[in-house]
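Accompanying notes for the structure given below.
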Amino acid sequence: MNKLNILIVEDDPIHAFIVETHLKNHFNCDSVTNGHDALAAIEKQKYNVILMDINLNDSAMDGIKTMRTIRYNRKHRHTKIIAVTAASDSREWFMKQGFDGHYLKPMTEEGLLEEINKLRQNTGWIY
């Protein structure tokens, strides 16, 4: 079976490393540190899931703005995007913003796999 392609958008290199370490045995993973690089990455590679940090330390292109920009592009409109945040905002709030899932930091391998598998089950991905 083919592995899903996952893009990790995380401005903290330690968090990005942790996520990639948790997921690299299960998925093909790439990571970028900001929204602008995320937009460039999706033009070069098709990703099944984007793990989007909300606070990217760029007020002009935070995780919500990056997600909305991706949603605006017809080519990438259906890419699954999971909000990843340390904020305690509710899952429902992030879903109303346009995200497909929500994951609250700190990150664990089990928790990340569970959130990604929820999307897989809800969309019928076969991999």
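The values are calculated or read from the model by the stated rules, or taken from the named source; none is laboratory data. Nothing here was measured: the structure is a model prediction, and the numbers come from that model. Cβ sites come from the backbone with ideal geometry, for glycine too, and all protein chains shown count toward neighbours. Protein only, heavy atoms only, side chains kept; ligands, DNA and RNA dropped before computing areas. Shrake-Rupley method; radii C 1.70, N 1.55, O 1.52, S 1.80 Å.
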### Query
Amide H to amide H, which residues 5 or more places from Val84 or on other chains are under 5 Å from it, using H placed in the peptide plane?
Met52, Asp53, Ile54, Tyr103
### Task
Choose one of Asn73, Val84, Val19: the residue whose Cα lies farthest towards the positive end of the charge dipole of the chain (beta-carbon charges +1 Lys, Arg; -1 Asp, Glu; about the Cα centre).
Asn73
### Query
Which residue, Met95, Met52, Met67, tops the fluctuation ranking in a GNM of the chain built on C-alpha contacts under 10 Å?
Met95
### Task
Pairs to check: Lys24/Lys46; Lys24/Lys118; Lys46/Lys96. Give those whose C-alpha atoms are more than 20 Å from each other in this structure.
Lys46/Lys96
### Query
Placing +1 at every Lys and Arg Cβ and -1 at every Asp and Glu Cβ, with all other atoms neutral, what dipole size does region 28-127 have around its Cα centre, in debye to the nearest 20?
580
### Query
Which percent of the Cα-Cα distances in the chain go past 21 Å?
31
### Message
For the ranges 4-14, 56-66, 103-113, what's the packing order if you count other beta-carbon atoms within 10 Å of each residue, average per peptide, and put the highest first?
### Response
4-14, 56-66, 103-113
### Mean separation of Cα contacts under 8 Å (6+ apart) over length of region 1-102, as relative contact order %
25
### Summary
The answer for the net charge of residues other than Leu4 whose Cβ lies under 10 angstrom from its Cβ, with Lys and Arg +1 and Asp and Glu -1, is +3
### Radius 13 Å from Cβ of His36, net charge of other residues (Lys, Arg +1; Asp, Glu -1)
-4
### Message
Given a 1.4 angstrom probe, I'd like the percentage of the accessible area of the chain that is carbon and sulfur, rounded to a whole number.
### Response
50
